[in-house]
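Here the structure comes first, spelled out in structure tokens, and everything after it is commentary.
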Amino acid sequence: MNNSLFAASAADLTIERIRALAARPDQVESLTLEFKREYSKSLVTTIAAMANTYGGMILVGINDKVEPGTERVVGVDAQDTIDKTASGCREKFDPPWEPTFIPVPFDDGSGRSVVVIRVDANVAPRPLLIDLKAPIRLSGQNSTADRDRFLKLAREEPSAGVLPTGQNVMSPNLDRDNEGNPVADFILRTGINLPMGEAGAWRPCRRGLLPLSPRHSTTRPSLPP
């Protein structure tokens, strides 16, 4: 997943970048990306589903369907949307938890914004339950974890020491001499090694499950643009 918007600082999230994303004809909802025109109760379920799967990004204030002659980026009242969503998370989630909210204002003085909701699966308390069920994300829609997936979520070890999504890169270990001094000036890497633990071994991909051992390393599905 192109993680330019997911990992960008709040200052780098501009309405121009969001409009450019929404205007792409190939940009559709996926495991890690969803558009919402406005707040609805299903928004809280989507947050939980992403938290229990790969994480992702929800953009509130964007029509999820592209129709001729219809403006896609419509905006919302940012504070009202954030207040309603945060309240829903506190009331519905077990345990209570909130994602990151970033309001991105329009540049036309209208007072409307797109609210970017970032859901980081590495920091969410998993399983995140709603009514004793664990929502999960399946190819652009929400579902519910079956017994096997629920148990695997419950058995996960906390992600201690794991960096935020998109920055999970291990530092190289330089060989050292008897006095502890490095014997090489640098290491040139031709790839990126992303550690994956038990938490990611079972999560659904479009071609099935990832049958990986916790000792294996692999890349994770891409983050939203």
Say whether the condition of being of a type outside the set (A, V, I, L, M, F, W, C), surrounded by fewer than 17 Cβ atoms within 10 Å (Cβ to Cβ) and either within 20 Å of ALA7 (Cβ to Cβ) or in contact with a helix residue (DSSP H, G or I) (Cβ under 8 Å, 6 or more places away or on another chain) (or both) is met by at least one residue in the stretch 76-95.
no
Would the stretch 57-67 turn up any residue that is of a type in the set (Gly, Ala, Ser), under 25 Å from ALA11 (Cα atoms) and crowded, with 21+ Cβ neighbours inside 10 Å?
yes
Selected residue (only one of LYS92, LYS84, LYS65 is more than 25 Å from GLU156 (Cβ to Cβ), modelled with pLDDT of 95 or more and of a type in the set (D, E, K, R)):
LYS84
If GLU98 satisfies every condition in (1) touching a residue at least 12 places away in the same chain (Cβ under 8 Å); (2) farther than 24 Å from LEU138 by Cα but one, which is the exception?
(2)
Where residues in the stretch 17-45 are outside any loop (DSSP other than H, G, I, E, B), of a type in the set (D, E, K, R) and touching a residue at least 24 places away in the same chain (Cβ under 8 Å), which of them is surrounded by the most Cβ atoms within 10 Å (Cβ to Cβ)?
GLU34
Matching residues in the stretch 131-152 (buried (at least 20 other Cβ atoms within 10 Å of the Cβ) and in contact with a helix residue (DSSP H, G or I) (Cβ under 8 Å, 6 or more places away or on another chain)) number 5
Answer yes or no as to whether ASN142 is part of a strand (DSSP E or B), under 23 Å from VAL60 (Cβ atoms) and modelled with pLDDT under 95.
yes
Under 8 Å by Cβ, and 6 or more places apart or on different chains, what pairs join a residue from the stretch 129-141 that is free of Cβ contacts under 8 Å to residues at least 40 places away in the same chain with one that is hydrophobic (A, V, I, L, M, F, W, C) and buried (at least 20 other Cβ atoms within 10 Å of the Cβ)?
LYS133/ALA145
Just for the stretch 114-124: of the residues that are assigned to a loop (DSSP other than H, G, I, E, B) and in contact (Cβ under 8 Å) with a residue 60 or more places away in the chain, which one is surrounded by the fewest Cβ atoms within 10 Å (Cβ to Cβ)?
ASN122
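The values are calculated or read from the model by the stated rules, or taken from the named source; none is laboratory data. Computed from a predicted model, the values in this text were never measured in an experiment. Every residue, glycine among them, receives a Cβ derived from its backbone with ideal geometry; neighbour counts consider all protein chains shown.
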